[in-house]
Structures are given as structure tokens and as C-alpha cells.
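Just so it is clear, none of the values below were taken in a lab; they were calculated from the coordinates. Owing to the predicted nature of the structure, the values given are computational and were not obtained by experimental measurement. All Cβ positions, even for glycine, are placed from backbone atoms using ideal geometry, and neighbour counts span all protein chains on display.
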Amino acid sequence: MKFLRLFVPLCLAVLAGCAGTPQKQTQAAATPAPTPNLQRYVATDTSRTVDLTRPPVDAWDRIRRGFAIPNLDTPLVQQWTDYYAAHPDYVQRMASRAGKYLYYIVDEVNRRGLPTELALLPFVESAYDPGAYSRSKAAGLWQFIPSTGEHFNLKQDWWRDQRRDPIASTNAALDYLEYLFEFQGDWYLALASYNWGEGAVRRAMDRNAAGGQPTDYLSLDMPDETRNYVPKLQAIKNIVANPQKYAVALPPVDNAPYFATITKTRDIDVELAARLAEMPLDEFKALNPSFNRPIILGEHQPTLILPLDRVSVFNANLEAYKGDLSSWKVYRARRGESYAAIAKRFGITESRLREINGISSRRRKAVAQTLLVPGKPAGGVRLASLEEPAGMDTPSPAAPRAGRAAPNARSHLIRRGETLFGLAKRYGTTVDALRALNNIKGSQLKVGSRLRIPGTGVRG
């Protein structure tokens, strides 16, 4: 026991002496890597209790429930939040465009188990415009440059550019973002890599590490565009998380599919496809912006995207349609043929041939190339909506006079978001005429009801 009383203090003295002995080389070798400035990352707003017994109210609510990336709290974030809050009309326009695609994107994000902040990224990339095209030749909702698009199997040729396809580009973008997160191990570095390139971000991290500097997102020396990139996304997230706080009215977006798809195996004109779906051409193109030409080639087995309530209309009209589906022909030009001779052969002007095919006026003769030329005009379309709606109580029409067709009872099925003004413009009539024919007092339209269209012999 006496020996132990002497031994224990002796050991303590030795250990104390070791701790106080300078060991410069050992300390240098054991210096930990620089750590990020963690107070700039705030998780409180993304860590929330979610009532899973209650389904999401709408798509925006579903997005809020899936926030999983810690918030950034920096002056640059505040600057962009203030900017968007000061331009509510701009945010609303972006959000209105997003309504067509949001459910599909959020559903795919959820299916992969990714943070729903990623569904807001097209706000920053393209203002949710699938036709957006940048100076660096990036295209579509997710702004793929040509080389990255090719790497993720997005077809880009004379006929189509799948970087503008809402479905194909979304799947490619989420594939890329998943890879970047696995590569970088941090969502902010992954997002910076999406904008700047993973190689550039990794080199910036290596430079900081070599200089003994932190290697987190906020500590890197980045181009201005990348430095503003995540703060912009955070600002959009702030607005979506609490639109009332920033006096921004987000348009209603149902937590339900907006569109469905149809695969085609025959050539069809873009304009005819829109007519068969009974959609305005610009609305059809907004859902199908990947097609570069006025004809959609069946050999590509393309996917047509239609609003959910247009699919049955399209199929019914297609089944009843008797004419050619395409009014265009494909001509394989031989090297050296003059464009003037080709235009003359097909009965069009040379300027029209150049316009159709995007041929520069400086080029006089063809190379071995594919050209579109007008063929047989497409026939008329007897639309499904011109049929008498089931259950409509109208008197039997009198027998028509010889040489005159009996009038059709034309009606329009009202969809969410449609207005009297928009429908009047679409059908070439007036708001007053629609009100008078349908006995409408104000401007409210009931979704799912039928609106009678003037000029078809139908009386209210």
C-alpha cells in the first residue's frame, strides 16, 4: 500500500510533464483540417415537425414538407430574398409557369428520397421556362449545356432537343444532382458543382486546403454567378416557405398530376397534334418544347405530353380522324443541289424553303442534308367537343335543308384556371357573347362544367 501511495503521484507528475513538453513537429502533423464556419448554416427552419396524418394541401405544401437542406443565413441571401419580395409579379409569373411541371418534378424528387429544395432549382436556372436558352448554349428547365446533355443521354439533333423535354431533362438533372452529392458529400458544394462544374469546385477546394483555409461552400473563391447561385435558391425557398411574410401570392398548384403522356409511332404535325388535343398551339408547345420542327417523327417513338383531361379528347379525335397526320415531306438533298431548284420542285419559294429549314441566305447550294418540304395538306378535324355532350337537354333539330349540314352543338369543358376572357380569345368571340349564351351573370366559371360556344346553333 505504501508503495502504491508513492507510485501514483510519480505517474501523474510524469504525465503532466509530457503534456507540457513542446512537440512542434507532432502538433504540425496532427493539425486538423480547417472546418467550415458553421454559424452561417442554420438548420432551424428546415427542422420541423410534420403532421403526416394530414395529406399536403397542395404542391407548395408538399414541397415545404420535404425541405431537408440546412438554410443559409448570409447578407447575399437576404439581398436576393428582398429582391424577389420586391418583385412579386415576377415570382408569380415563374410560379404560374411552374404549375404545369411541379407535380411531376416533386413526385420524382420524393421517389428518389431527395430534398424538395431541388424542385425549386428551375426557378434559378430558367425561371421555369422550358424554352429558355442561355448565352452559353444551355437549354431547358434545368439549363443543360450540350456536352452535359449528351453525357446524360439527352438527344440533340435537327429534329429534337431533349434538354427542353420536361420529363427527360428532369430525370437527367436529378441523376446529375445525385451524382454530384455523392461526389462532394455536401448539398451546397453539389449545387455549386451543378452551376460551375465539379472539377472547378474540387480545384477551388484543393487550393483552399493547400493554403490552410476552410473548404466549405462559403469559403471558396467562385465566379459571381456561382457565388450568387445557392443564395438565389435559398431566397426562393424563403418565399415558398412563408409567402405571407413576403406578401407574395403563390398561384394554386394541385398536389395531383397535371399531365399524362402518349407514345406515338407515326409522323404527326405539331399543329395537328394540338388540334386533336383541342389545345391552343402555344399551350401544346409549352408542354412539348423539345420538337425543333413542325413535324414529330414517329421513328423516334416520341412521347407527347398532354394535360390529363386532354388525353381522352386526343384519342377520340385521333380515332375519328381520316386524313394524313402530317402535311410535310422529308427530302434528302444531294450535295451541290441548289436551294432554288429544290424549292421550285416542291412549289414553294426559296425564301420559304430557307425559313422552314433554318438555312442561311449566304449558303447557295445544299450539302448532303435532310430538308422539310410541304406535302399534302392535312384534312379537317371533326373535334370530339363538337359532339352533343351527354345529358344535354336540347330539342331534336329539324331535318336540315338539302345542301346544308345540320349545326353541331359545340361546347368546352372548363378546366382549372380558365377565364371567360381567355376562352373568348381562344374561340374568337367575346365575353359578353359567352355570358349571354350561357346565362352567366358574373365571371365565375365552374370547373368540370360545359360552356356553350357561340356560332354553332346552340341556344341557352
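Determine the sum of side-chain charges near PRO252: Lys and Arg each +1, Asp and Glu each -1, restricted to other residues whose C-beta is under 12 angstrom from that of PRO252.
-2
Place a label point 7 angstrom from the Cα of ALA320 along the Cα-to-Cβ direction, then list the residues of region 426-450 whose backbone nitrogen is under 18 Å away.
Within reach of a label on ALA320, which here means backbone N under 18 Å from a point 7 Å along Cα→Cβ, region 426-450 contributes 450.
Give me the net charge of ALA139's neighbourhood, meaning all other residues with Cβ under 9 Å from the Cβ of ALA139; Lys, Arg count +1, Asp, Glu -1. Walk me through the intermediate numbers first.
Details: positive: LYS137, ARG163, ARG164; negative: ASP161.
It works out to a net charge of +2.
Could you rank the peptides 116-125, 291-300 by their average count of other C-beta atoms within 10 Å per residue, with the highest value first?
Values: 116-125: 24.5, 291-300: 17.1.
Listed from highest to lowest mean packing, they are 116-125, 291-300.
Give the calculated FRET efficiency between LYS245 and ASN110 to the nearest 0.05, with a Förster radius of 30 Å applied to their Cβ-Cβ distance.
On the way: r = 26 Å, r/R0 = 0.85.
Step by step, r from the Cβ atoms, then E = 0.75.
With label points built 7 Å along Cα→Cβ from the Cα atoms of ASP82 and ARG266, find their separation and express it in nm.
It works out to 6.1 nm between the two label points.
Whole-Å semi-axes of region 109-254's equivalent ellipsoid, largest first, each the root of 5 times a Cα gyration tensor eigenvalue? Kindly include the intermediate steps, with their values, before the conclusion.
Working: eigenvalues 127, 98, 38 Å².
So the three semi-axes of region 109-254 are 25, 22, 14 Å.
With respect to the cross-link table entries LYS264/LYS285; LYS285/LYS365; LYS264/LYS322; LYS344/LYS376; LYS322/LYS344; LYS264/LYS344, which display a Cα-Cα separation exceeding 21 Å?
Working: LYS264/LYS285 16 Å; LYS285/LYS365 32 Å; LYS264/LYS322 17 Å; LYS344/LYS376 16 Å; LYS322/LYS344 30 Å; LYS264/LYS344 32 Å.
Flagged as over cut-off: LYS285/LYS365; LYS322/LYS344; LYS264/LYS344.
Quick one: dipole size for region 48-241, taken about the Cα centre, charges +1 on Lys/Arg Cβ and -1 on Asp/Glu Cβ, in debye to the nearest 20. Show your work: numbers first, answer last.
On the way: 22 positive and 25 negative charges, 69 e Å.
Roughly 340 debye for region 48-241.
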